[in-house]
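Okay, so here's the structure we're looking at.
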């Protein structure tokens, strides 16, 4: 019983320390903005690179460099977002982006024409 009270007291102190720190909300907002910017960059860049690869397909044969770049961006940018989220104390968000990274491996293989 005494150990449980200490654990609850510690959890309450940590919760108070997080809410009492005025800079914590600013840090959390900044991290959320960075992750949102990376996500938007990922969505736009992969779409544009795939469009460029399709449009220039008749110039470079079946596969162009745009497809290879799209495959790299499709995997690396969600991984970067996962690293940023995890390093700044948001493990659930980091885990979500890691799952997204792993899910983007299949389309990346398709972009490269390996599958």
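The values are calculated or read from the model by the stated rules, or taken from the named source; none is laboratory data. Remember, predicted model here, so these are calculated numbers, not experimental data. FYI the Cβ positions are ideal-geometry reconstructions off the backbone, even for glycines, and counts take in every protein chain you see.
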**Request:** Return a yes/no flag: does region 44-56 have any residue that is at pLDDT below 95, over 28 Å from residue 97 (Cα atoms), in a loop (DSSP other than H, G, I, E, B) and over 21 Å from the mean Cα position of the chain (by Cα).
**Result:** yes
**Complete:** Pairing a residue in region 1-28 that is at negative phi and surrounded by 10 or more Cβ atoms within 10 Å (Cβ to Cβ) with any residue that is in a helix (DSSP H, G or I) and at pLDDT 75 or above, where Cβ atoms lie under 7 Å and the two sit 6 or more apart in sequence or on different chains, gives 18/24
**Complete:** Pairs returned, first residue in region 63-75 that is within 7 Å of residue 53 (Cα to Cα), second residue that is in a loop (DSSP other than H, G, I, E, B), beta-carbon separation under 6 angstrom, 6 or more apart or interchain, are 64/56
**Item:** Those residues of region 86-114 which are within 28 Å of residue 67 (Cβ to Cβ), assigned to a loop (DSSP other than H, G, I, E, B) and modelled with pLDDT under 90, in sequence order
**Value:** 113, 114
**Prompt:** Only one of (1) within 26 Å of residue 98 (Cβ to Cβ); (2) modelled with pLDDT of 85 or more is not met by residue 24, so which one is it?
**Reply:** (2)
